[in-house]
């Protein structure tokens with residue numbers, strides 16, 4: 001099967017994760033994905049210890065959305081850093 005070539009320029013800039021097994025989520029734990037950025041210059045594949053998911057980073061600045069259960073294990077990788085995303089909640093007034 002061939003690719004039409006669309007979005008090839010983004011290939012490798014966004015990490016992919018593949019599931020190894022289903023891991024139950026503790027009650028009350030928010031599953032908002034985290035974002036990690038690769039500071040190395042080649043390709044890096046990391047397996048999250050919490051879920052068994054594999055995260056692939058291709059080149060400097062590559063980012064991947066990471067399951068919160070894998071945060072601790074990815075934070076220990078020297079060339080990865082967590083990207084802090086500011087969440088702004090706007091108040092609405094009835095009107």
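The values are calculated or read from the model by the stated rules, or taken from the named source; none is laboratory data. These numbers come from a predicted model, not from an experiment. Heads up, the Cβs are rebuilt from the backbone with ideal geometry, glycines too, and the neighbour counts pull from every protein chain shown.
Restricting attention to the range 28-47, the residues that are surrounded by fewer than 16 Cβ atoms within 10 Å (Cβ to Cβ), under 11 Å from the mean Cα position of the chain (by Cα) and not in a loop (DSSP other than H, G, I, E, B) total 1. Test residue 50 against the stated conditions and say whether it is modelled with pLDDT of 95 or more and part of a loop (DSSP other than H, G, I, E, B). Here the answer is yes, as residue 50 does meet what is asked. Checked against (1) touching a strand residue (DSSP E or B) at 6+ places or on another chain (Cβ under 9 Å); (2) at pLDDT below 95, residue 30 meets all criteria but (1). The residues of the range 69-89 that are under 12 Å from residue 46 (Cα atoms) and surrounded by 14 or more Cβ atoms within 10 Å (Cβ to Cβ), listed by number, are 70, 71, 73, 74, 77, 79, 80.
Number of residues in the range 48-62 that are under 15 Å from residue 72 (Cα atoms) and either exposed (fewer than 15 other Cβ atoms within 10 Å of the Cβ) or free of Cβ contacts under 8 Å to residues at least 40 places away in the same chain (or both) equals 7. Pairing each residue of the range 69-95 that is at negative phi with any residue that is assigned to a helix (DSSP H, G or I), provided the two are 6+ apart or on different chains, yields C-beta distances under 8 Å for 80/74; 82/71; 82/74; 82/75.
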